[in-house]
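The values are calculated or read from the model by the stated rules, or taken from the named source; none is laboratory data. The shown structure was predicted, so the numbers you read here are calculated from the model rather than taken from an experiment. Here Cβ is always computed from backbone atoms with ideal geometry, including for glycine, and neighbour counts include all displayed protein chains.
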């Protein structure tokens, strides 16, 4: 089986992932639009970072899906954009953690894990998978499922936490 044929067998899966990611990103956008005042308060670097990372995770999932849906995909055609997304994801998370640390915002251990560590692991695995794809290693396609699961789990948990926290913040004012 050629690389393009193998990627084609994954297209239904990634069509589902892309649709779910786009829907959840839209719902996050609507939820935040209805609660803009929370994003403007004194804790905004933490909340903005949290929401930005979550939204970016959904966009990354959507883009991964788009790359899989390109007809007659090649290892370079898939590996190069996935490498870029993986490196961008790692950079974004490290940059965000650095900004939060510099502002000395306290974030609990469980939130650090779901908000930042799980996506960081996902983006590192994505980067490794991209390198493997560039080296014609087809088993990397199966490892991308772990990336999708980690990003979906983390992002869905983040959205839930965010909406609960927005609601609590709204009731306290």
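The one condition from (1) modelled with pLDDT under 95; (2) loosely packed, with under 14 Cβ neighbours inside 10 Å that residue 92 does not meet is (2). Of all residue pairs spaced 6 or more apart or on separate chains, those with beta-carbon atoms under 9 Å, a first member in the range 133-150 that is in contact (Cβ under 8 Å) with a residue 60 or more places away in the chain and at positive phi and a second member that is assigned to a helix (DSSP H, G or I) and surrounded by 14 or more Cβ atoms within 10 Å (Cβ to Cβ) are 136/3; 136/75. There is at least one residue in the range 9-32 that is under 25 Å from residue 118 (Cβ atoms), part of a loop (DSSP other than H, G, I, E, B) and at pLDDT 90 or above. Looking at 57, 72, can you tell me which residue is part of a helix (DSSP H, G or I) and modelled with pLDDT of 85 or more? Only one candidate passes the filter, namely 57.
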